[in-house]
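Colleague: Take a look at the following structure, please.
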Amino acid sequence: MKKLRLGVLASGGGTNLQSLIDCCADNSLTAEIAIVISNNPDAGALSRAENAEIKTCCINHRDFDKRAAFDNRVVQQLQESGVELVVLAGFMRIIGPIFLEAFPQQIINIHPALLPAFPGLHVQQQAIDYGARFSGCTVHFVDNGVDTGPIILQAVVPVLEEDRADDLAARILIEEHKIYPQAIQLFAEGRLQIEGRQVHILPTDPNLGSR
Ligand code: GRF
């Protein structure tokens, strides 16, 4: 099977990127990371990519007057790298129409809560403050809303009485590192079919030789 070319966008530490690097290396993910792009020059994700000898590119949003100019630059870089799936891994910029038109149904995100509960930021603290007994993570296609796109996979973790946001975040991250590669593998195998809000997971094709 041909490897799916991923473009990973990350702004932070990059533990999700690392799990994808590891899964590509051990072939549990039939994909290759064509490029890692960050808007943050200090992102740990960039060093992780460099250590793995993956092409990197820093496109600092502060260097652009308008959001559209930044978006066009990132899209151009993804296209030049032959990216087939855009993977948001802690990318702290809004994905607007320029991205969505360039990569229709080809952008996915991971969110550290059980959507549709707790979209947005600081969601581990939100789950604790709300008194939720369970939280988790969600991999979803990106649409024009914030954390609103069709859901691919979710995983659940308990929220414990003594949890601080960091404790809950760490427990959720363990699951993120499992379900993000799984969701990408399903995409690589052509097994995700979007129908309205539903994402159908198709059975494995026994004849699957190439995408
Ligand atoms: C993760 O919690 C992810 O769900 C959210 O941003 C965080 C990124 O963490 N979108 P990392 O940079 O992958 O460690």
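Colleague: Any idea which residue in region 6-26 is nearest to residue 45 (Cα to Cα), counting only those that are surrounded by fewer than 17 Cβ atoms within 10 Å (Cβ to Cβ) and away from the ligand (no atom under 15 Å from the Cβ)?
Modeller: Here the residue is 25.
Colleague: Still on this structure, please answer the following. Would a scan of region 1-12 turn up a residue that is part of a loop (DSSP other than H, G, I, E, B) and modelled with pLDDT under 95?
Modeller: yes
Colleague: Now for a different question. Could you check how many residues of region 46-65 are in contact with a Pro (Cβ under 6 Å, 6 or more places away or on another chain) and among the basic types (Lys, Arg)?
Modeller: Residues meeting the conditions: 0.
Colleague: Spot the failing condition for residue 35; the list is (1) assigned to a helix (DSSP H, G or I); (2) free of Cβ contacts under 8 Å to residues at least 60 places away in the same chain, and only one is missed.
Modeller: Here residue 35 meets the rest and fails (1).
Colleague: Pick from 74, 87: which is touching a Leu at 6+ places or on another chain (Cβ under 9 Å), touching a residue at least 40 places away in the same chain (Cβ under 8 Å), farther than 15 Å from residue 140 by Cα and not polar (S, T, N, Q)? Before you say what the answer is, go through the steps one by one.
Modeller: Details: 87 fails: farther than 15 Å from residue 140 by Cα.
Step by step, each of 74, 87 is checked, and only 74 is touching a Leu at 6+ places or on another chain (Cβ under 9 Å), touching a residue at least 40 places away in the same chain (Cβ under 8 Å), farther than 15 Å from residue 140 by Cα and not polar (S, T, N, Q).
Residue-by-condition table, conditions (1) under 20 Å from residue 186 (Cβ atoms); (2) surrounded by fewer than 16 Cβ atoms within 10 Å (Cβ to Cβ); (3) β-branched (Val, Ile, Thr):
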site: 113; (1), (2), (3): no, no, no
site: 130; (1), (2), (3): no, yes, no
site: 133; (1), (2), (3): no, yes, no
site: 141; (1), (2), (3): yes, no, no
site: 152; (1), (2), (3): yes, no, yes
site: 157; (1), (2), (3): no, no, yes
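Colleague: Here's another thing I want to ask about it. Among the candidates 194, 179, which residue alone is under 18 Å from the mean Cα position of the chain (by Cα), away from the ligand (no atom under 15 Å from the Cβ), among the hydrophobic types (A, V, I, L, M, F, W, C) and surrounded by 13 or more Cβ atoms within 10 Å (Cβ to Cβ)?
Modeller: 194
Colleague: Return only the number of the condition from (1) in contact (Cβ under 8 Å) with a residue 40 or more places away in the chain; (2) within 15 Å of the ligand (Cβ to nearest atom); (3) under 23 Å from residue 35 (Cβ atoms) that residue 125 does not satisfy.
Modeller: (3)
Colleague: Okay, moving on. Cβ contacts < 8 Å: first residue under 10 Å from residue 12 (Cα atoms), restricted to region 39-56; second residue of a type in the set (D, E, K, R), any location; separation 6+ or different chain. Result?
Modeller: 39/93
Colleague: Separate question: Just to be sure, is residue 117 modelled with pLDDT of 95 or more, assigned to a loop (DSSP other than H, G, I, E, B) and more than 17 Å from the chain's Cα centre (by Cα)?
Modeller: Yes.
Colleague: Filter region 27-46 for residues that are within 18 Å of the chain's Cα centre (by Cα) and surrounded by fewer than 19 Cβ atoms within 10 Å (Cβ to Cβ); which is farthest from residue 85 (Cα to Cα)?
Modeller: 44
Colleague: Right, here's the next one. Quick check on region 79-90: of everything there that is over 15 Å from the mean Cα position of the chain (by Cα) and not in a loop (DSSP other than H, G, I, E, B), which residue is farthest from residue 134 (Cα to Cα)?
Modeller: 80
Colleague: Going residue by residue through region 91-104, is there one that turns out to be at pLDDT 95 or above, within 11 Å of the ligand (Cβ to nearest atom) and either in a helix (DSSP H, G or I) or buried (at least 22 other Cβ atoms within 10 Å of the Cβ) (or both)?
Modeller: yes
The values are calculated or read from the model by the stated rules, or taken from the named source; none is laboratory data. If you're wondering where the values come from, they're calculated on a predicted model, not measured in any experiment. Note that we place each Cβ from the backbone using ideal geometry, even for glycine, and neighbour counts take in every protein chain shown.
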